[in-house]
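Report on the structure given below.
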2 protein chains.
Amino acid sequence: MKIAIAGAGAMGSRIGLMLHQAGNEVILIDRWPDHINAIREKGLIGEFEDHEVIAHLPIYSPEEIVEDHANVDLVVALTKSMQLEAMFQDIQPIIGKSTFVFCLLNGLGHEETLSKFVPKENIIFGTTTWTAGLAGPGHAKLVGTGSIEMENLDPKGKAFTLKVLEVFQKAKLNPIYSNNVRYSIWKKACINGTLNGLCTILDCNIAEFGSLSVARNFIETIVGEFAAVAKAEGIELNQAQVIQAIEATYDVKTQGLHFPSMYQDLIRNHRKTEIDYINGAVWQKGKNYQIDTPYCAFLTQLIHAKEELLNAK
Amino acid sequence: MKIAIAGAGAMGSRIGLMLHQAGNEVILIDRWPDHINAIREKGLIGEFEDHEVIAHLPIYSPEEIVEDHANVDLVVALTKSMQLEAMFQDIQPIIGKSTFVFCLLNGLGHEETLSKFVPKENIIFGTTTWTAGLAGPGHAKLVGTGSIEMENLDPKGKAFTLKVLEVFQKAKLNPIYSNNVRYSIWKKACINGTLNGLCTILDCNIAEFGSLSVARNFIETIVGEFAAVAKAEGIELNQAQVIQAIEATYDVKTQGLHFPSMYQDLIRNHRKTEIDYINGAVWQKGKNYQIDTPYCAFLTQLIHAKEELLNAK
């Protein structure tokens, strides 16, 4: 299968590399010049736990994707949320009538963005539990294991989605065909919508957050707001189960000692966050359905205030 | 007049000292052992801008106030909000039938506390614009000038309140008889209820807060919650005027470069805050009136979370 990875950061590098190793024709697309140069000069280094792989994959910046590029069968979207729209504006030349887009971004509101560029029957959504890190430009650190849920948005997309499933299966990416991927996306958004913003604004790790006497009340209130808006979109979140999934992360033996990605982006690296696609998306969607989401609103505003104070880029 | 200062920190030291200089019989009451010892050994040092005063005032810890102390005419309450109730439990022996209490604490909810110990007709409320600092135990730094608004809670208290006004006038404390001290208290609470909590949780000074694009929306929302609850208590806050007063503090030539007292208490000194008597009081009062105050609720919870994370005492 001819596959473009739109957003070839840590996770995009992992998935691109594993799909390449399974014999697919993979191209990477990313905006980071150092990363592009490193991969062009030395190839993409994939440092697995017990071995290292170097793959000489073609990599382009989005604006290099011009008319003479052939269409691809599949675009795997793995940009930062706020970069999704600009990415798809630039990569139109590789998207033909039969090209599918598989969106693996975290957060909410991407369906609306992708629908501007691709018909609904060509869109696949998913979530993943794989992790990945970058040791530097062109150098991915790939520890642990994971799986990928996927589902076509429209029944017409099912046949091709099952083909993608087979391709991912061969690449050992452990795909699972989901019967309710929207549910999984909302559930994951609840986890990010509590731990990310709250650990960032309180300047603490996940276990420290979990130890707070107010932790349960915070997550109940915020998950309640997510659930009310999800319900308006036809998704009935099991709030007790979602809260249990959040509280499972407090354990210091698993994720407890980690700082969520938003904390690392904003507090450590002074980079803008994805809050508008998590709590901010619930706030905006809530407005449309006339559902009050004051904790999501206030948390979104606090994170944006912190971005301004830290002059985040 | 025989006057006890219940809570002789920086502001209590200023007012006690100035009342003493005007010829009143002043006793200080405070819980800080180093402060008590310093004043007993060397007297209370008042370092004004252009001269220094040493006053040998009697000082007691609250539990030393026992039956053989004579009643006082007036108790000026200047504790931290959370210490008010315990203070009045301890100093019952000096409170007689005709003793008045003049409450100068910041924040809300003190009327309910004092009413447990003193009949309403013996309660005076006030606010002050005087400032004061402590250079160390027993050593007050007293710069600038200010005024004190005061009003009896009950019409029966007016005659004595006017006597207190005269005493404060002689002490050059610039008292003003107020016709709506509750309004002034709520207005001041709005200023503290926005700048204190938000600068503390965002880790910024007042000018930095004022520069945020979301600043106006934050203060409008929080002042709106205060105003809704104040209205239920019979006080019609002029929200535009309150917002103007808050925004006037952003100026770097006045208070802009300062960090609010809550920031200093919690972030610098790891001490518990008065949030329960500001936003927390609005939240609790709101519950009684079935008025939603989610921004006050969330901000109160965030500050308490921060207290726990910093192990504030």
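The values are calculated or read from the model by the stated rules, or taken from the named source; none is laboratory data. The structure presented is a predicted model; accordingly, all values stated were derived computationally and were not measured. Ideal geometry is used to build each Cβ from the backbone, glycine not excepted, and the neighbour counts take in all protein chains shown.
Suppose the filter is under 21 Å from the mean Cα position of the chain (by Cα), buried (at least 23 other Cβ atoms within 10 Å of the Cβ) and of a type in the set (A, V, I, L, M); does B:Ile176 pass it? Taking the combined requirement at face value, the residue does not satisfy it. The residue that is nearest to B:Asn24 (Cα to Cα), among those in the stretch B:55-69 that are within 23 Å of the chain's Cα centre (by Cα) and in a loop (DSSP other than H, G, I, E, B), is B:Leu57.
Restricted to the stretch A:275-313, and to residues there that are of a type in the set (Lys, Arg) and more than 7 Å from every other protein chain (Cβ to nearest Cβ), the residue that is surrounded by the fewest Cβ atoms within 10 Å (Cβ to Cβ) is A:Lys313.
Applying the criterion of being modelled with pLDDT under 95 and touching a Pro at 6+ places or on another chain (Cβ under 9 Å) to the residues of the stretch A:22-67, the residue that is surrounded by the fewest Cβ atoms within 10 Å (Cβ to Cβ) is A:Glu67. Of everything in the stretch A:32-52 that is assigned to a strand (DSSP E or B) and in contact with a His (Cβ under 9 Å, 6 or more places away or on another chain), the residue that is nearest to A:Gly7 (Cα to Cα) is A:Leu44. Scanning the stretch A:245-277 for residues that are closer than 15 Å to A:Asp203 by Cβ and of a type in the set (Val, Ile, Thr) turns up A:Ile267, A:Thr273.
Evaluation of A:Lys253 against the conditions (1) at pLDDT 95 or above; (2) more than 18 Å from A:Lys188 (Cα to Cα); (3) assigned to a loop (DSSP other than H, G, I, E, B) shows that the sole unmet condition is (1). Within the option set A:Glu236, A:Glu220, being surrounded by fewer than 21 Cβ atoms within 10 Å (Cβ to Cβ) and within 14 Å of chain B (Cβ to nearest Cβ) holds for one residue only, A:Glu220.
Scanning the stretch A:102-147 for residues being of a type in the set (Val, Ile, Thr), touching a residue at least 60 places away in the same chain (Cβ under 8 Å) and not in a loop (DSSP other than H, G, I, E, B) gives a total of 2. For the stretch B:154-179, filtering for residues that are within 30 Å of B:Asn279 (Cβ to Cβ) and either acidic (Asp, Glu) or modelled with pLDDT under 95 (or both) leaves 2. The lone criterion from (1) within 12 Å of another protein chain (Cβ to nearest Cβ); (2) of a type outside the set (Gly, Ala, Ser); (3) more than 26 Å from B:Val214 (Cα to Cα) left unmet by A:Ile206 is number (1).
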